[in-house]
Amino acid sequence: MEQGRLIIDTALDGPLNMAIDEAMLTPVGQGQALPTLRFYRWLQPTISLGHFQRYAEVQQLGEPFNHLPIVRRITGGGAILHDAELTYSLILPAEHRLVENHGPQTLYLAVHRALIAVLSSLGLPAQLREGSRPTSQQKGPFFCFERPNPSDVLVAGRKIAGSAQRRTLKGLLQHGSLMLDNPLGQPGVTTLAEHKRGDPPDPNSLATAWAGELAKTLGLSLAEGSLSDAELALAETLKAKYASDQWTKHR
């Protein structure tokens, strides 16, 4: 079975979370690091813009969204308010069997079906949206959770999880969000808190369960690991980019 690396990270700020995801893409793509599944949280409520979104759209937001920190992703799609959620990133080399000669939906579906199995074990009847794919994922409402995609994970007909991708010549980064709660009222969202009776699951337990299901789906043997010194150094360098107005406001 193919070996992979599992990282369950602490809560970090937006620029560093995005920097770490990008910092892993090159070494994984070049075979210097194992295929990696990372789970993480956010230190404070933060809006991430899709790579192609116009920053001017942020200025049209009302309360409470117009005072939140902003970071721009390297993946496409609509904006996400990262708050009470569990975020994952999956990094694979470009020649991986699930990447080479496959469109984005193949990996979206693999990750989301693994999540559906976890949610079903918690008593939540989750399912894929299915249907036809939109002609463009770069157009639509500001917030991602208001943009339908056939691979979306739904509970009671509303979106609880979605994903986005970035492909390079060397590798693929896919990351996405599972909504645990929605205290600031992000549009289009349903959450685990709305549907789960009793105490909500611990995010780390959710991450472990999701990783276990995804390992079976992808045929990976995941062992807990950490970032290399080279990845940490690159992430620190990239953090300056993600924290800069030049990057965040360049569109």
Select from the stretch 1-48 the residues that are under 19 Å from Val71 (Cα atoms), among the small types (Gly, Ala, Ser) and surrounded by 22 or more Cβ atoms within 10 Å (Cβ to Cβ) and list them in ascending order. Gly14, Ala19, Ala23, Ser48
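Based on what the data block shows, is Ser177 closer than 27 Å to Tyr55 by Cα, in contact with a Gly (Cβ under 9 Å, 6 or more places away or on another chain) and of a type in the set (Gly, Ala, Ser)?
On the way: closer than 27 Å to Tyr55 by Cα: yes; in contact with a Gly (Cβ under 9 Å, 6 or more places away or on another chain): yes; of a type in the set (Gly, Ala, Ser): yes.
So Ser177 passes the test.
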With respect to Val71, is the statement that it is outside any loop (DSSP other than H, G, I, E, B), touching a strand residue (DSSP E or B) at 6+ places or on another chain (Cβ under 8 Å) and over 20 Å from Leu178 (Cα atoms) true? no
Would you please list the contacts, defined by Cβ atoms under 7 Å and residues six or more apart or on different chains, that run from a residue in the stretch 55-71 that is in contact (Cβ under 8 Å) with a residue 24 or more places away in the chain to a residue that is small (Gly, Ala, Ser)? Pro69/Gly14; Val71/Gly14; Val71/Ser48
Among the residues of the stretch 141-170, how many are within 16 Å of the chain's Cα centre (by Cα) and either aromatic (Phe, Trp, Tyr) or closer than 30 Å to Gly31 by Cα (or both)? 10
For Thr191, state whether it is modelled with pLDDT of 95 or more and either loosely packed, with under 14 Cβ neighbours inside 10 Å or within 17 Å of the chain's Cα centre (by Cα) (or both). yes
Residues being of a type outside the set (A, V, I, L, M, F, W, C), within 18 Å of the chain's Cα centre (by Cα) and not in a strand (DSSP E or B): count how many of those fall in the stretch 74-114. 12
Show me the helices (runs of 4 or more DSSP H) entirely contained within the stretch 147-251 in which 1 or more residues are of a type outside the set (A, V, I, L, M, F, W, C) and closer than 21 Å to Ala94 by Cβ. 203-218, 229-242
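A quick yes/no check of all residues on (1) among the β-branched types (Val, Ile, Thr); (2) at positive phi; (3) at pLDDT below 95:
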position	(1), (2), (3)
Ile7	yes, no, no
Asp13	no, no, no
Asn17	no, no, no
Thr26	yes, no, yes
Gln30	no, no, yes
Leu34	no, no, no
Phe39	no, no, no
For Leu37, indicate whether it is within 25 Å of Leu232 (Cβ to Cβ), within 19 Å of the chain's Cα centre (by Cα) and hydrophobic (A, V, I, L, M, F, W, C). yes
Are there any pairs, at least 6 apart or on different chains, whose C-beta atoms fall under 6 Å, with the first in the stretch 188-205 and within 30 Å of Phe142 (Cβ to Cβ) and the second of a type outside the set (Gly, Ala, Ser) and in a helix (DSSP H, G or I), and if so, which? Gly188/Phe145; Gly188/Glu146; Val189/Phe145; Pro200/Leu192
Only one of (1) at pLDDT 95 or above; (2) of a type in the set (D, E, K, R); (3) closer than 20 Å to Gln186 by Cβ is not met by Glu63, so which one is it? (1)
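Please pick out the residue among Leu218, Leu227 that is surrounded by 13 or more Cβ atoms within 10 Å (Cβ to Cβ), modelled with pLDDT of 95 or more and of a type in the set (A, V, I, L, M, F, W, C).
Only one candidate qualifies: Leu227.
The values are calculated or read from the model by the stated rules, or taken from the named source; none is laboratory data. Everything numeric in this text was worked out from a predicted model, so none of it was measured. Please note: Cβ atoms are built from the backbone with ideal geometry, for glycine as well, and neighbour counts cover all protein chains shown.
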